[in-house]
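*Asks:* Could you have a look at this structure, given as structure tokens, before my questions?
The values are calculated or read from the model by the stated rules, or taken from the named source; none is laboratory data. Keep in mind that this is a model prediction, so the values were computed, not measured. Cβ placement follows ideal geometry from the backbone for every residue including glycine, while neighbour counts extend to all protein chains displayed.
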Amino acid sequence: MRIFSALRGGFAALLLAGVSSALPGSAAAAQSTAARFAAGAEGVSEFYKARDGRLLWLSQSGRPADLLLETLRNADADGLNGDRYDVEKLEHIVQAARQSGSAKAARRADAQLSRAFVAYVRDLRSTKRSDTIYVDAELKPEMPNDRAILETAATAPSLEVYIAEMRWMNPLYAQLRHALLSGNYDASQRDLVRLNLDRARELPVGDGRYVLVNAAAQRLFMIEDGKTVDSMRVVVGKPIYPTPMMAAYIRFANLNPYWYVPADLAAERIAPNVVKLGLPYLDRQGYQVVSDFVDNPQIFDPSAIDWQAVADGRQKVLIRQLPGAHNSMGRIKFMFPNEEGVYLHDNPERELFEQAARLYSGGCVRLESAWRLGRWLFGRDLTWKGAGPEEKVPLDKPVPVYITYLTAVPDGSQIAFLDDVYGRDKARLAEGSADAAQTAAR
């Protein structure tokens, strides 16, 4: 359930053609190669000095260099302007080095490739506009330093695979990008893939452990070492209460939780039943009228409430539901404290998980198997039996959760396109069309 404000900031986000600094004709595109890569020159020099000048891209069959050039050549698929990387000039430098057989020319070409690679990775890892609420700021896409970018590539088991699979990005990113370049999709589908590429740019990189919730698919994934180790169906927010995109650390679980009912849901779900069935309905469901959503609130006499006025929206009340079999939270919720009041929780309404479209919550994420998620998070079985109300079980090490909205997702060798249940794609595509029209009019 939810106790959160409307999704903040509208749908302003990086859209289709990329940020303005990467557009043709912009100041960034007009800069010289030396100026553009100057920021990375020191880190690149340190990298080669630490490896005694050994080549990175041209040290094997040359295939890594060719793969990098091909990737840079298609930078428009990333919403970037390929002119930023002077690919034609790089190709000329590489070809000249190969033909001359000069060690000095090879070192120069290799360093130029490294500078271009560093610039490209930094551009991809930079998200200047976002719909995601970062509850924990450290979960924003990390901007690695230049030397670290190159050292990670150099220590990959296979540099060819590292480049081909774009291992410096989330695995979903490379799959979507390859699909975009395949030519197998029409213009409208390509627009959707580009839009989802922007969302995938915000997902984690590397071999960490995290939870991924795709609200568009109404599914949760447990990720470890870059692979999905388990997944489950979830229920997410109704279109009028959309589950927000956010990133936060799951820090603890609450056993036997209360459900703190937002005033609008009290009017929508509870008050009409009190009007129809009388005050005993509140007792049967374990509802209490409270002064505040705190540990020890004042409990009010429900007979003093005009429940018809609550149902009509003329009077507001705060209600909490006691722990128990009927509690809408179930027996456990996983907390990543945030101003939106969103969390992952158990759900007693098991029939909802059999629905194809599971859009029934007030914004929170209801879990098909909360105890299975708990076992994965904590490394042991949790139980509500014997626990008190809202009993906190802290995680030894917080685990990130990313709630995203991917409407184009890899499905085997194809891309599956999901319903735009919250209208976010429609809004962003319309915004992109408006931006394009304004640019054309200038």
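*Asks:* Given the condition farther than 25 Å from Tyr343 by Cβ, modelled with pLDDT under 95 and either among the β-branched types (Val, Ile, Thr) or out of contact with any Cys (no Cβ under 6 Å at 6 or more places or on another chain) (or both), answer yes or no: does some residue in the range 237-257 qualify?
*Replies:* No, there is no match, as no residue in the range 237-257 is farther than 25 Å from Tyr343 by Cβ, modelled with pLDDT under 95 and either among the β-branched types (Val, Ile, Thr) or out of contact with any Cys (no Cβ under 6 Å at 6 or more places or on another chain) (or both).
*Asks:* Return the residue satisfying two criteria in turn: it lies in the range 179-200 and is buried (at least 21 other Cβ atoms within 10 Å of the Cβ) and among the basic types (Lys, Arg), and of such residues it is farthest from Ser369 (Cα to Cα).
*Replies:* Arg194
*Asks:* Still on this structure, please answer the following. Take Leu418 and tell me if it is in contact with a strand residue (DSSP E or B) (Cβ under 6 Å, 6 or more places away or on another chain) and either touching a residue at least 40 places away in the same chain (Cβ under 8 Å) or β-branched (Val, Ile, Thr) (or both).
*Replies:* Considered against the rule, which asks whether it is in contact with a strand residue (DSSP E or B) (Cβ under 6 Å, 6 or more places away or on another chain) and either touching a residue at least 40 places away in the same chain (Cβ under 8 Å) or β-branched (Val, Ile, Thr) (or both), Leu418 comes out as no.
*Asks:* Further question: Which members of the range 98-133 meet the condition of being polar (S, T, N, Q) and within 30 Å of the chain's Cα centre (by Cα)?
*Replies:* Within the range 98-133, Ser114, Ser126, Thr127, Ser130, Thr132 meet the criteria.
*Asks:* So, one more: Say whether the condition of being surrounded by 15 or more Cβ atoms within 10 Å (Cβ to Cβ), under 21 Å from Thr71 (Cα atoms) and in contact (Cβ under 8 Å) with a residue 40 or more places away in the chain is met by at least one residue in the range 205-223.
*Replies:* The answer is yes, given that some residue of the range 205-223 is surrounded by 15 or more Cβ atoms within 10 Å (Cβ to Cβ), under 21 Å from Thr71 (Cα atoms) and in contact (Cβ under 8 Å) with a residue 40 or more places away in the chain.
*Asks:* Considering each residue of the range 308-365, count those that are aliphatic (A, V, I, L, M), assigned to a helix (DSSP H, G or I) and touching a strand residue (DSSP E or B) at 6+ places or on another chain (Cβ under 6 Å), and give that number.
*Replies:* Result for the range 308-365: 1.
*Asks:* Out of all the residues in the range 221-240, which are of a type outside the set (Val, Ile, Thr), over 23 Å from Leu265 (Cβ atoms) and not in a loop (DSSP other than H, G, I, E, B)?
*Replies:* Phe221, Met222, Glu224, Lys227, Asp230, Ser231, Met232
*Asks:* With respect to Tyr402, determine if the residue is touching an Asp or Glu at 6+ places or on another chain (Cβ under 8 Å), of a type in the set (Ser, Thr, Tyr), in contact (Cβ under 8 Å) with a residue 12 or more places away in the chain and within 30 Å of Val193 (Cα to Cα).
*Replies:* Taking the combined requirement at face value, the residue satisfies it.
*Asks:* Would you mind finding the one in Leu58, Leu68, Leu72 that is part of a loop (DSSP other than H, G, I, E, B), farther than 30 Å from Val342 by Cβ and more than 20 Å from the chain's Cα centre (by Cα)?
*Replies:* Leu58
*Asks:* Give me the residue from the range 241-258 that is in a loop (DSSP other than H, G, I, E, B) and among the polar types (S, T, N, Q) and, out of that set, surrounded by the most Cβ atoms within 10 Å (Cβ to Cβ).
*Replies:* The qualifying residue surrounded by the most Cβ atoms within 10 Å (Cβ to Cβ) is Thr243.
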